[in-house]
Each structure stands twice: as C-alpha cells, then as structure tokens.
Amino acid sequence: MKSILLRIHQSSQGYFRKGIAVLLAATTLLLACNEAYGWVAAGGRGRGFAVAGRGYGCAGVGRYGAVGFRGGLPAGYYGAIPGAYRAVVYGGYNCYYSGGVYYRPAFYQGNTVYVVVQ
Amino acid sequence: MKLTHSISILTIGLLAAALLPVAAAEPDADQILQQMSAKLAAAQSFSFKATREVDPALLAGRNAPENARIVVTVQRPNKIAADSTSKEGARRFCADGRNLSLVDVTKNLYSTVPMHTSIDGVVAELDRKYGFTPPLAEIALSNVYQDIHEKAQGVSYLGQATAGGVMCHRLALAGKVADTELWVGVSDRLPRRLIATVKGLAGKPQLKAEFSDWNLAAKITDKDFAFVPPKGAQKISMITTAETEAAQKTNKVTQN
C-alpha cells in the first residue's frame, strides 16, 4: 500500500496542478451526473402533462365492459321482468307478458333490458 | 510532506466521491407506457384473459360485487371478440370488420348491427352510438399510449410490486372522475393489473382487472370471429343513445 502511494506521489510531483484540475473536473462531473439523476428522479415522479379530457378512470369505469348502466335506465326500461311472465308475440315482437304489460327484450348499453311495448 | 499532501488530496477526493449521493434513476412512467403500447401494437394476433371485479357501489341495484372472467381475442386491424362469464350470465361480443354482434348466451338473445371499421373505430363508434364498449377493448387499440394521454391528466411512477407472480412497474394515471393504477410487467411490458378508484363516491369504489395468459402470437383465423347465431336464439334490437335520449325527453329517468 505504501509503495503504491509512493508511486502516486512520485508521478504526481510534476503534475500536481494538473492533478488538482483533474480531481476538480471529476468532482464536477459527479455533481453534474447526480443532478442529472436527480432531474430524472424528479422528472420521473413529478413529470406530468395537462390534458383536458374525460379522464381515464371515468371512461374506464363505464367502458370496462358494459357493467351497469350509465345514468340509470330510462322510464319503461327494466333490467328484469317484474313478476311472473310468459312468452307471447305482440306487436310483431317476441315479448314477455306480465301483470298486464308487454315487455320486449333488447340490448341497452351492452346489457339485456326489457322495454315496455306501448 | 509532499507525499502526505498528495495522500490527503487523494483521500479527500475519494471521500468526496463516496459521500456524494448517487440517486438511482427512477424508471420513466411515460416511457414504460410507450413500451407497453408499442408491444401491444406490434402484436397482430393476440389473446389474453382477465378477471374483472366491480364494486357493488358502481352497479345499480346490486349488493354483491360483479366478478367476471373475460377472454379477449384480437386480430388487427379490425377483428375483436370478447367472451365474458359471470354469475349474471355469459355474453359474447364479436366484431369482424363488417358487423358487430352481441350475444346474451344465458338468455339466448343476440343482435347484429353493421360496423365497417377498425378496432379503434369499433370502440369509438360503440361508445358514441350505443353507450358502451367491449370489455377491456382499450387494450386492443392501435395506440394505447395515445388513448391514455387523451384521458389521463397525469402519469407518474409508484414503484414495483408483484401481481400474479410477475414483477411489475406500478403507474398512476390521474383522472377527473377516477384515478387508475396500471401495473405493467417489468420484463414483458404487458398490462398485468388495473385498479380504477372512482372519486366522489362514498367508500371510493373500485373496478379491478387482472390480466393473464398473454399470447402475442396466437394462432387466430377469420373463423374465430365469424358469427353464427346460437340455435334457437332470438334476434333483438340494440338500442342507440339517440333512441335513449328521445325516450328521456318524454319520460322520467328511473333506476331499475
């Protein structure tokens, strides 16, 4: 160890000032790199962008496969036929008859609903 | 003296280098999204499975969370099929570039409407005209990255965690109505988990999806998207948003 240090000393004797400059340059580089890493770190976490829109989650909740109904069901639309029913043909449609009302099956927002036939 | 001085300078330099904090570069959330999007876009025929759980607060008239198993098959540019199975029943969605068909397998009902467009067009047109989209269809878009950027207000990196035995990057997508966490595989850059937390509702209800069985080289043919009505199935109509709005003008909206 001592011989290595001695060699370092001997080689630096004529280049002391140059050695200081190199050391300072190296230190500066390190600092610059850390700042770069810091920027990446800060940028990676804080980096964002303002985009006006519906919002991924908003679209996502309603968009993930016809789950539920957006805004509820309009009047006259039912998710299930209320009460006991039987299949009949009415108004040219294959319907279901229950409690004096005819219901026609249809797809609404990807789900099966039963629409009152007027 | 000179040796001691040199050693001192060297020691100081080494100490300084050792003490200077070296911040590890955090993965770039945006770059991860780009890589995920690029990988999905490059796959011409692929399939995946998903389990979807929806909080009952997001389902009108239901108390139990809706859990569904979904299988999605894609053949770019214009074919997509999704089969969904849950306690509520089984449904099949199929678009072959010319028509779009929806089947309620449980009730033996089906509907077919014209849809001459790409997968991107199907998603947009269904949403616009009929008020819904096929399950998890956003994953099949030609540019998932662009779609996310159009909707999310911000993207940030949360860290790493394991989902389904796969180490994932956790990304946060901030939205106006809901915030979403998207987990992307570290090694394969594929979606592994999605958690959407809806804002403004008591209990912060969530929609969760777990992705698995990715096959980016699936052997898929046109026959996989050819629709044949099930035997004895009744053909019914698919109500449009315009028809619904017309109905709302004359009737009061109710929750059923």
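The values are calculated or read from the model by the stated rules, or taken from the named source; none is laboratory data. Note that this is a predicted model, so its numbers are computed, not measured. Note that each Cβ is placed from the backbone with ideal geometry, even for glycine, and that neighbours are counted across all protein chains shown.
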Practice task
Check the range B:231-240 and report whether any residue there is more than 14 Å from every other protein chain (Cβ to nearest Cβ) and either at pLDDT 95 or above or surrounded by fewer than 16 Cβ atoms within 10 Å (Cβ to Cβ) (or both).
Solution key: yes
Handout entry: Condition broken by residue B:123, with the remaining ones in (1) at pLDDT below 95; (2) part of a strand (DSSP E or B) satisfied
Key = (2)
Problem - Selected residue (only one of B:218, B:226 is modelled with pLDDT under 95 and loosely packed, with under 14 Cβ neighbours inside 10 Å) - result: B:226
Fill in the blank from the handout: Here the residues within the range B:80-119 that are part of a strand (DSSP E or B) and among the acidic types (Asp, Glu) are B:83, B:104
Practice task
Taking the options B:176, B:223, name whichever one is touching a Cys at 6+ places or on another chain (Cβ under 8 Å) and either outside any strand (DSSP E or B) or of a type in the set (Ser, Thr, Tyr) (or both).
Solution key: B:176
Fill in the blank from the handout: Of (1) surrounded by fewer than 21 Cβ atoms within 10 Å (Cβ to Cβ); (2) out of contact with any strand residue (DSSP E or B) (no Cβ under 6 Å at 6 or more places or on another chain); (3) of a type in the set (S, T, N, Q), residue B:112 satisfies every one except (2)
Practice task
Looking only at the range A:97-116, count how many residues are closer than 15 Å to residue B:237 by Cα and surrounded by fewer than 18 Cβ atoms within 10 Å (Cβ to Cβ).
Solution key: 1
Practice task
Consider residue B:196 carefully, then state whether it is modelled with pLDDT under 95, facing another protein chain (nearest Cβ under 10 Å) and over 22 Å from residue B:74 (Cβ atoms).
Solution key: no
Exercise for the section: Give the number of residues within the range B:84-105 that are surrounded by fewer than 21 Cβ atoms within 10 Å (Cβ to Cβ) and within 11 Å of chain A (Cβ to nearest Cβ). Expected result: 4
Practice task
Consider residue B:148 carefully, then state whether it is within 7 Å of chain A (Cβ to nearest Cβ) and under 23 Å from residue B:211 (Cα atoms).
Solution key: yes
Completion exercise
A careful count of residues in the range A:75-114 that are of a type in the set (Ser, Thr, Tyr) and facing chain B (nearest Cβ under 7 Å) gives 4
Practice task
Kindly establish whether residue B:182 is part of a strand (DSSP E or B) and within 11 Å of another protein chain (Cβ to nearest Cβ).
Solution key: yes
Practice task
Go through the range B:114-139 residue by residue and tally those that are over 21 Å from residue B:41 (Cα atoms) and hydroxyl-bearing (Ser, Thr, Tyr).
Solution key: 1
Exercise for the section: Name every residue in the range B:131-169 that is of a type in the set (A, V, I, L, M), assigned to a helix (DSSP H, G or I) and within 16 Å of residue B:28 (Cα to Cα), in order of residue number. Expected result: B:148
